[in-house]
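Visitor: Quick one: this structure, given as structure tokens, is what I'll be asking you about.
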Amino acid sequence: MSKEKVLNGINEGFIKRGAAEVEDDDIQNVVNRASDIKHKVIDSNLLKRFAKDVKLLIAMIKDYWDGIYREIPWWVITAIVFALLYVLNPIDLIPDIIPVLGLTDDAAVLALCLAMTEKDILKYQVWKNRNEEGAEV
């Protein structure tokens, strides 16, 4: 299967199908493996540009899981969890062992997930900033 064909298959339907299969254990897995996800993104030249976004997504998932922030649709949580677990999985559409190409699908999934959930991510960022400012006073 060609790279183009694989990347064409990464669309909103792909994210929605993956998100539909997310369960509580998957959310817990993202919370537990947050450090692994961050390191994979930071250590990769191709994924490094998503480092700030991934940290924010992980913070959102943790705040949701801990019951601190619940002003977010369930589908957004599951889409983000799916995308983060996809990045963590070394054997996905294009195995990560293949130099450069192996992370292209991970980048595509992250970028698409960010685009699909942008409004809710920005809303969370505003909430997070307000709460951090209030904690500093």
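A short reminder: the numbers here are calculations on the coordinates, not readings from a lab. Note that this is a predicted model, so its numbers are computed, not measured. In this analysis, Cβ positions are derived from the backbone assuming ideal geometry, glycine residues included, and neighbour counts consider all displayed protein chains.
Visitor: Using a Förster distance of 22 angstrom, determine the FRET efficiency expected from the C-beta separation of residue 71 and residue 38, and round it to 0.05.
Guide: Values: r = 24 Å, r/R0 = 1.10.
So the FRET efficiency works out to roughly 0.35.
Visitor: Using the alpha carbon gyration tensor of the chain, what are the three equivalent-ellipsoid semi-axes (square root of 5 times each eigenvalue), largest first, in whole Å? Write out the running numbers ahead of the final one.
Guide: Numbers: eigenvalues 138, 50, 36 Å².
Here the semi-axes work out to 26, 16, 13 Å.
Visitor: Further question: What are the extents of the Cα atoms of region 66-120 along their three principal axes, listed from largest to smallest and rounded to whole Å?
Guide: 39, 22, 13
Visitor: Got a sec to turn the phi values of region 97-105 into Karplus ³J(HN,Hα) couplings, 6.51 cos²θ - 1.76 cosθ + 1.60 with θ = phi - 60°, whole Hz, x for Gly and Pro?
Guide: 5, 6, x, 6, 4, x, 9, 4, 5
Visitor: Add -39500 (n - 2.57) for each DSSP H run of 4 or more in the chain, then divide by its residues: what number comes out at 222 nm, to the nearest 500 deg cm²/dmol?
Guide: On the way: 7 runs with 100 residues, N = 137.
That comes out to -23500 deg cm²/dmol.
Visitor: Tell me the angle of helix 34-43 to the major Cα principal axis of the chain, expressed in degrees between 0 and 90 and rounded to the nearest ten.
Guide: 50 degrees
Visitor: Also, I was wondering about something else. In percent, what relative contact order does the chain have, based on Cα pairs under 8 Å that are 6 or more apart in sequence?
Guide: On the way: 112 pairs, mean separation 43.6, N = 137.
Normalised by residue count, the contact order of the chain is 32 percent.
Visitor: Which angle from 0 to 90°, rounded to the nearest 10, does the C-alpha axis of helix 51-65 make with the longest principal axis of the chain?
Guide: On a 0 to 90 degree scale, this one is about 60.
Visitor: Between residue 23 and residue 128, how many nm apart are label points set 7 Å from Cα along the C-beta direction?
Guide: So the label points at residue 23 and residue 128 sit 2.8 nm apart.
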